[in-house]
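What follows is a short report on a single structure.
Just so it is clear, none of the values below were taken in a lab; they were calculated from the coordinates. Note that the coordinates shown come from a computational prediction; the quantities given were computed from them, not determined experimentally. Glycine gets a Cβ as well: all are built from the backbone with ideal geometry, and neighbour counts include every protein chain shown.
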Protein chains: 2
Amino acid sequence: MSESLKVSIDGMTCGHCVASVTEEISSIEGVEKVDVNLNAGGISTATITSSKPIDETAVGEAVAEAGYTLVSNNG
Amino acid sequence: MSESLKVSIDGMTCGHCVASVTEEISSIEGVEKVDVNLNAGGISTATITSSKPIDETAVGEAVAEAGYTLVSNNG
């Protein structure tokens, strides 16, 4: 059983940014997969698949740790 | 005694790009310093200081290795 959450992220511009965000979010406990859809110069999205309920606060912290801003979550 | 060369690079968008280019160019023999001036969405520049004559072909290869395109050299 897995959950998924799609979040919007501002400030990502290139593949390195994608790698940073993917790495940080992947380090959250339970996260199995992170699919980032890069929109350079706009709002990118990350779809997170997890084996346990996803802590959105942890996702926000991971995105900030990578140097970007979470724009909104699935609410 | 040192030489310096300023080159123009296209395709760089963020600090990760700067780090990649700096790392690749720094690996060229003799290179002492690399100063990158990022112009996201435009043409960035890298000023290379070296203890020996700078091989511009090697610079082009280093930039390509980092994933970017050398636009012009000092010619």
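Convert each backbone phi in the stretch B:48-56 into a coupling constant with the Karplus relation 6.51 cos²θ - 1.76 cosθ + 1.60 (shift: θ = phi - 60°), then list the ³J(HN,Hα) values in order as whole Hz, x for Gly and Pro.
With coefficients 6.51, -1.76 and 1.60, one gets 10, 10, 9, 7, 9, x, 8, 7, 5 Hz.
Where the label is 7 Å out from Cα toward Cβ, how close does residue A:55 come to the same position in every other copy, in nm, shortest first?
Listed shortest first, these distances are 5.1 nm.
For residue A:67, go 7 angstrom from Cα along the Cα-to-Cβ vector, then report the distances to that same point in the other copies in nm, smallest first.
Result for residue A:67, in nm, nearest copy first: 1.2.
Report the net charge of residues surrounding residue B:3, where surrounding means a beta-carbon distance below 12 angstrom and charges are Lys +1, Arg +1, Asp -1, Glu -1.
0
Pop a pseudo-label 7 angstrom from the Cα along the beta-carbon direction at both residue A:40 and residue A:23 and give the gap in nm to one decimal.
Once both label points are built, they end up 2.0 nm from each other.
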